[in-house]
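Peer 1: Okay, here's the structure, questions in a sec.
The values are calculated or read from the model by the stated rules, or taken from the named source; none is laboratory data. Keep in mind that what you see is a predicted model, and the values were worked out from it rather than measured. Note that each Cβ is placed from the backbone with ideal geometry, even for glycine, and that neighbours are counted across all protein chains shown. Only protein heavy atoms, including side chains, enter the accessible area calculation; ligands, DNA and RNA are left aside. Shrake-Rupley method; radii C 1.70, N 1.55, O 1.52, S 1.80 Å.
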4 protein chains.
Amino acid sequence: MTFSVAVAGASGYAGGELLRILAGHPEFEVRTVTGHSSAGDPLIDHQPHLRSLSHLRLEPTTPEALDGHDLVFFALPHGASGALTARLGEVRLVVDCGADHRLRSDDDWAAFYGGEHHEAWSYGVPELLVRGADGVLEKQREALRGASRIAAPGCNASTVALSLVPGIAAGVIEPTDLVSVLAVGPSGAGKAAKTHLLGAELMGTANPYAVGGSHRHIPEIRQALRDAAAGAAAQDSPTISFTPVLVPMSRGILATSTARLAPGTTPDEVRAAWERAYADEPFVRLLPEGRFPRTADTLGANTCLLGLAVDEAAGRVVVVAALDNLAKGTAGAAIQSANLALGLPEGAGLSVNGVAP
Amino acid sequence: MTFSVAVAGASGYAGGELLRILAGHPEFEVRTVTGHSSAGDPLIDHQPHLRSLSHLRLEPTTPEALDGHDLVFFALPHGASGALTARLGEVRLVVDCGADHRLRSDDDWAAFYGGEHHEAWSYGVPELLVRGADGVLEKQREALRGASRIAAPGCNASTVALSLVPGIAAGVIEPTDLVSVLAVGPSGAGKAAKTHLLGAELMGTANPYAVGGSHRHIPEIRQALRDAAAGAAAQDSPTISFTPVLVPMSRGILATSTARLAPGTTPDEVRAAWERAYADEPFVRLLPEGRFPRTADTLGANTCLLGLAVDEAAGRVVVVAALDNLAKGTAGAAIQSANLALGLPEGAGLSVNGVAP
Amino acid sequence: MTFSVAVAGASGYAGGELLRILAGHPEFEVRTVTGHSSAGDPLIDHQPHLRSLSHLRLEPTTPEALDGHDLVFFALPHGASGALTARLGEVRLVVDCGADHRLRSDDDWAAFYGGEHHEAWSYGVPELLVRGADGVLEKQREALRGASRIAAPGCNASTVALSLVPGIAAGVIEPTDLVSVLAVGPSGAGKAAKTHLLGAELMGTANPYAVGGSHRHIPEIRQALRDAAAGAAAQDSPTISFTPVLVPMSRGILATSTARLAPGTTPDEVRAAWERAYADEPFVRLLPEGRFPRTADTLGANTCLLGLAVDEAAGRVVVVAALDNLAKGTAGAAIQSANLALGLPEGAGLSVNGVAP
Amino acid sequence: MTFSVAVAGASGYAGGELLRILAGHPEFEVRTVTGHSSAGDPLIDHQPHLRSLSHLRLEPTTPEALDGHDLVFFALPHGASGALTARLGEVRLVVDCGADHRLRSDDDWAAFYGGEHHEAWSYGVPELLVRGADGVLEKQREALRGASRIAAPGCNASTVALSLVPGIAAGVIEPTDLVSVLAVGPSGAGKAAKTHLLGAELMGTANPYAVGGSHRHIPEIRQALRDAAAGAAAQDSPTISFTPVLVPMSRGILATSTARLAPGTTPDEVRAAWERAYADEPFVRLLPEGRFPRTADTLGANTCLLGLAVDEAAGRVVVVAALDNLAKGTAGAAIQSANLALGLPEGAGLSVNGVAP
């Protein structure tokens, strides 16, 4: 069976990556692409790398253009999908790559985004450990099976959550005083023209931003960590210092996350927690001891690679995670989640192999 | 008065940067340059950017080539300068850009380097706060005035030490459980041909290395932090999780360092500690609140720029520091220290302005 | 039917790209990978981006390791495949990504390579126009159907040949006094550690090499141009000034090729020549007037994109071609040619879409 | 004597580079900086690398702000300086880094720029050979001595003119059918936010633009070539195919220019033409045979490096030139020319050494 698909926001970076993966998906057929200022243009003018979709033309982003498809992907600025959803007709599955439907807490939304807060949808990171109502750990994929509304994750948020959740779920690291520093490429900042994102400003230099706790992915990370922690006390405790640094690569996130070792924990117990969590996951892999990932190895792939070290002198576990912010970080996660929701093989259309060097 | 200068290891990256700065120094004249496998070659073949020194030819790195100069800079692999120094004749001032003379602790040397441990020389970071025998804070520059032997710092080490020492000296951050993650360019890894440092391996990707506490700059950082801490208990306490990440820029270090707020400290007290430390320093500058540096702003300059935020939700102070690993991180620090040792204006030959964009 | 495949030289860049594409090929199964200094290692240690092939281990590159496969790809330094081929047993199809079997002329081989010259194999650029014995133009793919020995092209050579051959074949440009300047990424220079290919040497800079007519792809270009030219006089006439420039991108070739307009030719006739040549080619596309390609649009794809302008003031046609040197430039061409040789759909396992941004 | 200086357009890239060099100039003191949308801001907010000028604040770009200085530099969009000049009061020397005063031909201006054409000023490339009224070759610096109005060159134009003029002046290359292809960094395109100049669009890729003869620097190149050519016939003959390609480096131009060998010319005669032209020039250097420059070697320097090869098989001379588009290409040329105009040492404040790696 072929599902008909529409992508709203198809001229941007997330939209382009959705289309790139969708173009190779055996069960999905992209029938409609929409844009805002780009409406009316051939898609190929905005996504010149997508040769196989050169027959498509961008339509305006309206409910009418999207209604009637089996599957709609939103790749819109935050605030846009919430409003649009309310006006959508019958759509079997909506996957939002924006932030509107990620957070459950009104307070978090108010503090980090502002404006109207929309309901939270199923969070699109299948490999995340979450603790069910009965306190038993399971994978987030269970919540995605058969879902009709999915919130794809923030790319930085899922990278850090995948890095730290196994240790928190197993109790081998402390859930407070976490520290993450991320080297990130500028495609995550979108395609809108801004002086500080010009090539001349970003080549040959590293630029920190949102320093000191203001990045919007922080509440999303804390929500994921809480969902995995055990015990009532843990429910509101995770704290994290989070600093992203723009570096000169168009794509990629290299997140270095550290956490204090839980008292009395051995290095073997630490490693075992991550091994257990991801042993059967094709798209999230723990590298052998002493190996650490680089973003190039995940370029274009739906893969998150993790390396782990226990620094006993510092009393901290260090987890280094690499993924492609547009692929596994956004569009790949969205399509993997859609596969689950629609009962397709979870990896349909998705590659584990990166494009390197 | 003009001082005659020799640079040993002149065909490498640190040697090249020493020469670039020395070429514009009003009181220094480079008379001798030496190399190992490059001996016999015109300097310009190895440093084609140094047009004003195209008259120089590389000699073998021997005591005979270096003796008799007022000032000798070593830019050699670690292990080489210690042996060479013992065979040097009369030289007014030796500045070593390698590691041999940085560490006071035999144990640290054995654990991180191995082989023969040489005596520690005056540490070449003039702006560092250090606590004198009487417990009173002063600047490291006092120890450099009139010195005859100087150990220029490790580039990562001085970046982190300059980032954290003011808070530790003032007691506004805790000296334990520090976390530093650095985005660094590959010129810090030297000019020897290695597969993992090829352009194709490093462009478009972020690559962590020495993860988990094995980097050789860690004991050097801890030594500098101890030297600033107050009280007997503090002398051996600093612990730091330290992770460098290679990113695609030839030069530069962007260090994100975080520390737990000391209990009862206000954000204003935190900022005041760094403001006091660097108020009169031309080469180490704290940016205004809400501003953070990028490495491009320090390219080729003898400048370390700092940005500071207090993340109260995370309970951590975040300090972001940018410098050019070859300039302020190595050669600039060496020359600034030499100026002090020889009674010259501290900033002679050094620029505060970077080359950007 | 599944063909069993071996890749010799699997730890290098061309070998890695062959494997990346082969891993997604519906009819090929990689059973053997070989290396030289890497023999004995898990493949994943050398190609950490190829997660789906992590079960493979590198064997020594010997005839015994390669014999018995349906299909053997060579990704070896030039000189190696010629010798190895003589010792191979029964292999249905051998595709050589090295230079040993590309040139028909002994003189060209002696002048640009030296050493033993091996027989020329079918040239693996299916879209090239070639003039048959009867003087009628056809595509090179005809020579590849059913072939048992194929020489994949040099990446720069095929880029320039695809750029200029349509005009020469149609007689709308002059075949002499051609000029090509190429911006190329360093992955084309291979994975051997060399100082001038270090990241610090190549980031933030453009470096020309092989200036003045010494590049080894020049005779290969001239051979392709001759094969398309009409008339006896044309057979030895093509001359080309060819200059490659290393630029800071790991992959990609952006070739700007210019040729003098043939007297009396109109701009429309010029454009028509390229339109005719590539109208039905999925992997070589002429962009609309006023559009020019960038390498990013071809990253990881088996696509060569061309843009064309007629500069009447200068009296020259300008053709700009973009492709991925490892994909369409090497491994993609090899696999596309293998598909033809084995009677498979020509595009099996190959994507037209690049990974951008 | 100290000259008081104003820089109009100080928040952009050319303005920033003027200020960086001026900050180290022994005879110039920057008293006024102006901007348009940035007026009112501290300069350091727009040029965070210029620490030594952090006391300056941007004023609006008006005649009043500029009048009364000894020296005014314009770093404005084309069209702006022409209008502003008419309203200026007494200023000893005006140097325009824009295009308004470069072209003598009204037709060229109309064809490539449009709008009002202003008078041509002395062209700010001191090392260019020009043929005087008597047909005798001299250097352009003679026209700059004592000048009161100077047009700094277009960065691409001066790179190509310096590359080709010696051969044309000496008659060893033909002045027609020249071909130049340039790898250029995006800082030359300015600091205005445009989607196609975003970091994500330019990293990891090569992007051609203005293909086919539309680049505005073409008439400027042809004018310089005509000024050096001998004989009446030569005066309107130079033709050039000119293609710039954006590559991922923030600064730099690597121009590969080729020209047909004049009939009967030997390789030695060719090389001698360039050697003669630049033998005594500190800022324009011909590298030894077999050596070619890279842009890194000129970063931040007032140096243009040339490499030359004679490709006898192709019948062409190939000249590769490297310079920093903002330094020697714009601001350095402007300041070098100002030195000449004011009777200062020509190299005052200018460095021949680049910042590399």
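Peer 1: What 222 nm value per residue comes from the helices of chain B, counting each DSSP H run with n ≥ 4 as -39,500 (n - 2.57) and dividing by all residues, nearest 500 deg cm²/dmol?
Peer 2: Computed mean residue ellipticity for chain B: -6500 deg cm²/dmol.
Peer 1: How would D:Glu90, B:Glu29 line up by accessible area, probe 1.4 Å, largest first?
Peer 2: Ranked from most to least accessible, the order is D:Glu90, B:Glu29.
Peer 1: Here's a follow-up. Report, by chain and number, residues whose modeled amide H sits under 5 Å from the one on B:Gly124, excluding near sequence neighbours (fewer than 5 apart, same chain).
Peer 2: Placed amide hydrogens put B:Ala151, B:Ala152 under 5 Å from B:Gly124.
Peer 1: OK, next. Classify the protein assembly as shown as rounded, prolate or oblate from the Cα gyration tensor: take a ≥ b ≥ c as the square roots of its eigenvalues, call it rounded if a/c is under 1.5, otherwise prolate when a/b beats b/c and oblate if not.
Peer 2: Numbers: a/c = 1.41, a/b = 1.04, b/c = 1.36.
Rounded shape, in that the Cα axes give a/c under 1.5.
Peer 1: What size of dipole, in debye to the nearest 20, comes out for the protein assembly as shown about its Cα centre when the only charges are +1 on Lys and Arg C-beta atoms and -1 on Asp and Glu C-beta atoms?
Peer 2: With only Lys, Arg, Asp and Glu charged at Cβ, the dipole is about 0 debye.
Peer 1: With unit charges on the beta carbons (Lys and Arg positive, Asp and Glu negative) and the dipole taken about the Cα centre of the stretch C:156-325, which residue among C:Val318, C:Ser187, C:Gly167 sits farthest to the positive side?
Peer 2: C:Ser187
Peer 1: Further question on the same structure: Tell me which residues come under 5 Å, amide H to amide H, from D:Phe3 once H is placed; ignore anything under 5 positions away on its chain.
Peer 2: D:Phe28, D:Glu29
Peer 1: Would you kindly calculate the translational diffusion coefficient of the stretch C:84-202, applying Stokes-Einstein with the Kirkwood radius from alpha carbon pairs, for 4 °C and a viscosity of 1.567 mPa s, and quote it in µm² s⁻¹ without decimals?
Peer 2: 77
Peer 1: At a threshold of 8 angstrom on Cα-Cα distance, excluding pairs fewer than six apart, so keeping six or more, what relative contact order does the stretch B:237-357 reach in percent? Walk me through the intermediate numbers first.
Peer 2: On the way: 203 pairs, mean separation 34.7, N = 121.
Normalised by residue count, the contact order of the stretch B:237-357 is 29 percent.
Peer 1: If contacts are Cα pairs under 8 angstrom and at least 6 residues apart, what is the relative contact order of the stretch D:156-325 in percent?
Peer 2: 31
Peer 1: About the Cα centre of the stretch A:202-357, how large is the charge dipole given +1 on each Lys and Arg Cβ and -1 on each Asp and Glu Cβ? Please answer in debye to the nearest 20.
Peer 2: Here the stretch A:202-357 has a charge dipole of around 380 debye.
Peer 1: If you don't mind, there's one more thing I want to ask. For labels at A:Ala272 and A:Asp106 in the simple 7 Å Cα→Cβ model, what's the distance in nm?
Peer 2: Modelled inter-label distance: 4.5 nm.
Peer 1: Let me ask something additional. Other chains' Cβ within 10 Å of D:7-20 residues: what's the mean?
Peer 2: Details: counts 0, 0, 0, 0, 0, 0, 5, 0, 0, 3, 3, 0, 1, 6.
For this peptide, the per-residue mean of nearby foreign Cβ atoms is 1.
Peer 1: What list of ³J(HN,Hα) values in whole Hz, one per residue of the stretch A:253-259 in order, does the Karplus curve 6.51 cos²θ - 1.76 cosθ + 1.60 (θ = phi - 60°) give from phi, with Gly and Pro shown as x?
Peer 2: Going residue by residue, I get 10, 10, 9, 9, 10, 10, 8 Hz, with x marking Gly and Pro.
Peer 1: Counting only the heavy atoms of the protein chains, how much of C:Cys97 is accessible to a 1.4 Å probe, in Å² to the nearest 10?
Peer 2: 20
Peer 1: Just add up the charged neighbours of C:Glu281: K/R +1, D/E -1, any other residue whose Cβ is under 12 Å from the Cβ of C:Glu281.
Peer 2: Working: positive: A:Arg51, C:Lys139, C:Arg141, C:Arg276, C:Arg285, C:Lys328; negative: C:Glu127, C:Glu275, C:Asp280, C:Glu346.
Residues near C:Glu281 contribute +2 overall.
Peer 1: Which value, in Å to one decimal place, does the Kirkwood hydrodynamic radius take for the stretch B:218-302 when every pair of different Cα atoms is included?
Peer 2: Numbers: mean 1/r = 0.0637 Å⁻¹.
Averaging 1/r across every pair of different Cα atoms and inverting gives 15.7 Å.
Peer 1: If you don't mind, there's one more thing I want to ask. Ordered by residue, what ³J(HN,Hα) values in Hz, to whole numbers, does the stretch B:304-317 give under the Karplus form 6.51 cos²θ - 1.76 cosθ + 1.60, where θ = phi - 60° and Gly and Pro are x?
Peer 2: 10, 9, 10, x, 9, 9, 9, 9, 5, 4, 8, x, 10, 8
Peer 1: How big is D for chain A, in µm² s⁻¹ as a whole number, if Stokes-Einstein is applied with the Kirkwood radius of its Cα pairs at 25 °C and 0.890 mPa s? It would help to have the intermediate numbers written out before the result.
Peer 2: Working: Rh = 20.4 Å.
The Stokes-Einstein estimate is 120 µm²/s.
Peer 1: Dipole of the stretch A:242-291, Cα-centred, from +1 at each Lys and Arg C-beta and -1 at each Asp and Glu C-beta, to the nearest 20 debye?
Peer 2: Value, rounded to 20: 240 debye.
Peer 1: Also: Once the whole set of protein chains is in place, how much accessible area is left on B:Asp268, using a 1.4 Å probe, in Å² to the nearest 10?
Peer 2: 120
Peer 1: When only Cα pairs under 8 Å and 6 or more residues apart are kept, what is the percent relative contact order across chain D?
Peer 2: Working: 849 pairs, mean separation 62.1, N = 357.
Worked out over chain D, it gives 17 percent.
Peer 1: Another one. Mind jotting down the distance between the C-alpha centroids of the stretch C:290-357 and the stretch A:182-258, whole Å?
Peer 2: That distance is 35 Å.
Peer 1: To the nearest whole number, what is the average tally of beta carbon atoms from other chains within 10 Å of the beta carbons of peptide B:49-61?
Peer 2: On the way: counts 16, 6, 12, 6, 2, 2, 0, 0, 0, 0, 0, 0, 0.
The shielding value for this peptide is 3.
Peer 1: When the scattering of the stretch C:26-112 is computed by the Debye formula from its Cα atoms alone, each counted once and equally, what is log10 I(q)/I(0) at q = 0.17, 0.18, 0.26 Å⁻¹?
Peer 2: Here log10 of I(q) over I(0) equals -0.79, -0.86, -1.36.
Peer 1: Related question: Would you tally the net charge around D:Asp177, using a Cβ to Cβ cut-off of less than 12 Å, leaving D:Asp177 out, and scoring K and R as +1, D and E as -1?
Peer 2: Neighbour charge sum, excluding D:Asp177 itself: 0.
Peer 1: Quote the accessible area belonging to A:Met1 in square angstrom, nearest 10, computed with a 1.4 Å probe and with ligands, DNA and RNA left uncounted.
Peer 2: Per-residue accessible area (A:Met1): approximately 150 Å².
Peer 1: Considering only protein heavy atoms, what per residue accessible area in square angstrom results for the protein assembly as shown with a 1.4 angstrom probe?
Peer 2: 31
Peer 1: For every other residue with a beta carbon closer than 12 angstrom to the beta carbon of A:Ala99, add +1 if it is Lys or Arg and -1 if Asp or Glu, then tell me the sum.
Peer 2: -2
Peer 1: Now for a separate question. Taking N as the number of residues in the stretch A:259-324, what is its Cα Rg relative to 2.2 N^0.38 Å? Don't skip to the end; give the middle numbers.
Peer 2: On the way: Rg = 12.5 Å, N = 66, 2.2 N^0.38 = 10.8 Å.
Against the empirical 2.2 N^0.38 Å value, I get 1.16 for the stretch A:259-324.
Peer 1: What nm value, rounded to one decimal, do you get for the distance between C:Arg145 and A:Ser214 when each label is placed 7 Å out toward the C-beta?
Peer 2: 6.6
Peer 1: So, one more: Roughly speaking, to the nearest percent, how much of chain B's 1.4 Å accessible area is carbon and sulfur? If you can, show how the numbers build up before the last one.
Peer 2: Numbers: 5430 of 11070 Å².
That share works out to 49 percent.
Peer 1: What base-10 log of the normalised intensity I(q)/I(0) is obtained for the stretch C:136-249 from the Debye formula, alpha carbons as equal point scatterers, at q = 0.14 Å⁻¹?
Peer 2: -0.67
Peer 1: For the stretch C:156-325, state the average projected area of the convex hull of the C-alpha atoms over all orientations, rounded to one decimal in nm². Don't skip to the answer; put the middle values down first.
Peer 2: Details: hull surface 40.9 nm².
The Cα convex hull of the stretch C:156-325, projected and averaged over all directions, gives 10.2 nm².
Peer 1: Around C:Leu198, which amide H atoms from residues at least 5 apart in sequence, or from another chain, sit under 5 Å from its own amide H, with H modelled in the peptide plane?
Peer 2: Under 5 Å from the amide H of C:Leu198: B:Gly199.
Peer 1: Per residue of B:181-191, count partner chain C-beta atoms within 10 Å of its C-beta, then hand back the mean as an integer.
Peer 2: Averaged over the peptide's residues, the number is 6.
Peer 1: Okay, moving on. For D:Thr205, A:Thr195, write out the residues from largest to smallest accessible area, computed with a 1.4 angstrom probe and no ligands counted.
Peer 2: A:Thr195, D:Thr205
Peer 1: Let me ask something additional. Which ³J(HN,Hα) values, rounded to whole Hz and listed in residue order, are derived for the stretch A:31-41 from phi using the Karplus coefficients 6.51, -1.76 and 1.60 in 6.51 cos²θ - 1.76 cosθ + 1.60 with θ = phi - 60°, glycine and proline given as x?
Peer 2: 9, 9, 10, 10, x, 9, 5, 8, 4, x, 7
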